[in-house]
Amino acid sequence: MQQERQFSRIDWVASSCRLLRGIAAEFTRTQPFAGLTIGTAIHLEPKTAALLLTLKAGGARVVATGNLNSTQPTTATFLAENGIVIIGERTGDAGAHHGFIDALLDESPDLLLDNGGDLFARFLERPYGNLIGGTEETTSGRTRLTPVRDKLALPILVINDSPIKQFAENRHGVGQSLFESFLRFTNRSTNGKRVVVFGYGACGKGTAACFRHGHSVVSVVDIDPVTTLEAHLDGFSTPHRTDAIRTADVIITVTGYPGIITAADLPILKDGVILMNGGHFPHEIDRHGLLADPTVVSVETSPEDMIATLTLVDGRRLHLLGDGHMANLAGPRPLGNSIEAMDLGFAMQALCLERVASRVLGSEASLVPVPADIDRAVACEFLDLNR
Ligand SMILES: NC(=O)c1ccc[n+]([C@@H]2O[C@H](COP(=O)([O-])OP(=O)(O)OC[C@H]3O[C@@H](n4cnc5c(N)ncnc54)[C@H](O)[C@@H]3O)[C@@H](O)[C@H]2O)c1
C-alpha cells in the first residue's frame, strides 16, 4: 500500500495558482527584484502567500503585514518560515494596524504593494528617499489615493482598474465568495429570501447574480441612477432605499463607502434580517452606531461563528455577520475569493511590480491601470493553461 502524505491548504493553493507558478519559474531565472525590498500590506492568507513567494523567487526581500482583521496566523507562520519578514499579527484594532504599517515603512521598501491605500497614504506623511513606486490592489485604495496623486508622483499601477480584475475577481470572484460566505456563516438557505445588494459595481453585480442563481429574490440599491437602470435592465428589482430595507431578509453592502446601513435604519429593518458586508472597509454597516443606539436592548455574540444578534426594544432581532468586516475573509474558515480569480489578479500584481522595478515608468504613471500588454499576456497564458 502507498504511504499517505498530508498536505495543507497552503500547498493546495500553491499548486492551484498555475499562473503564479509559471511567473515564479521565470522570475527565478530573470531576478527582476534582485537587491530590492518589497513592502506589502495585503490580507495574509494562502493565496497571497503564493504571490509573496513569487516575489521572493524574483530576488526580493519581502516585508509583509496584513490588512485589518484578515491575517490568518497559519499563513503568517508559514511565510515567516519561508523567508518573508512578517510584521504584526491579526488585529481588528485600527491603532495597532497603523503601528504595523509604520513598522513596515521603517524598513524603507523600494516597492510597495498596497491594498486599500494604507501604505502610500502613510508614506506621504513620513516619506523616505528610495521608493520607486508600486501597486494598489483595490477600488477603495484608488479612491483614497486619487486626491493625493500629484503629491505621490510615483508610478503606481492600479490592479483593480484592469478589465481582468474587474470581471474575474470583483464580479465572478467576489460574487461567488460572498454567496459561499453567507452559507458558511449562517447555514441558512438562500431560496426565496429577499436579498438586497447595496452597490451595483463589479462586486455588486456578481453578488446579485450569485444570489439570483441561489434562487433568492434579489433587489439592488445604488445611488447612481445610470447604474440603477443597468440593474433594472439586468432584471433586478430596484426599489427605493427605504422600501428595500423594510422588506429585506438579507442586506449585503458592497459600495466601498461608509454609513450605508446605520442606526437611522433601525426603525425599518425587518425582524430577523441578516446584515453582511463585502466592501473593503468595515464601515459600510455602522456597527458601533447600531450597538450604541438606545433602542438596542441586548447584544448576543457567538465568537466562534462571528454572528452578533442585536435585540431591539420592540423585540425585533438583527444579525450582523463578521462584525461588518469583509465577510469572505471573516468568520469561520474564511476562504476568500476563488483561487483562479486571485491567481489572475496576483499574476498582474507580480508583472506590474516587475514593470515598476524596471524603472521604465515615470510619475505620469501615478495611479494608472495595468498596462494593456500585461492584461493581454495574462489572458493568453490563462487561456492556454485551460485549453
Ligand atoms: N470582498 C472582496 O474580496 C473584495 C474584492 C474586491 C473589491 N472589494 C471591495 O468592494 C467594494 C466595491 O467594489 P467595486 O469594485 O464593486 O466598486 P465600484 O466603485 O465598481 O462600485 C460601487 C458601487 O456602489 C455604489 N454606491 C456608492 N455609494 C452608495 C450608496 N450610498 N448606496 C448605494 N450604492 C452606492 C456606486 O454608485 C457604485 O455603483 C470596494 O470597497 C472594494 O474595495 C472587495
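Read-outs: derived from the displayed coordinates by stated rules, not from any lab. Bear in mind the structure is a predicted one, so any value in this text is a computation, not a measurement. For neighbour counting, all protein chains shown are included, and Cβ atoms are generated from backbone atoms with ideal geometry for every residue, glycine included.
Assorted remarks:
- Length gained when the stretch residue 295-residue 314 is fully extended (0.36 nm per residue, less Cα-Cα span): 6.0 nm
- The stretch 170-329 - Rg and Dmax from Cα coordinates, angstrom: 14.4, 42
- Inter-site label distance for residue 77 and residue 360 at 7 Å from Cα along Cβ, in nm: 4.3 nm
- Annotation: peptides 108-121, 145-158, ranked by per-residue average of other Cβ atoms within 10 Å with the highest first, follow the order 108-121, 145-158.
- Here residue 262 and residue 93 are evaluated by their C-beta separation; at R0 = 22 Å the FRET efficiency comes out at 0.50.
- Put in order of Cβ neighbour count within 10 Å, fewest first, the listed residues 43, 288, 319, 325 become 288, 319, 43, 325.
- A Cβ-based charge dipole, computed about the Cα centre of the chain with Lys and Arg at +1 and Asp and Glu at -1, lands at about 540 debye.
- Sorted largest first, the principal axis extents computed over the alpha-carbon atoms of the chain equal 64, 63, 41 Å.
- For the stretch 260-352, the convex hull drawn through the C-alpha positions has a volume of 108 cubic angstrom per residue.
- Counting every other Cβ atom within 10 Å of each residue's Cβ, 286, 106 order from fewest to most as 106, 286.
- Net length gained if the chain between residue 153 and residue 384 were fully extended (0.36 nm per residue, minus Cα distance): 79.5 nm
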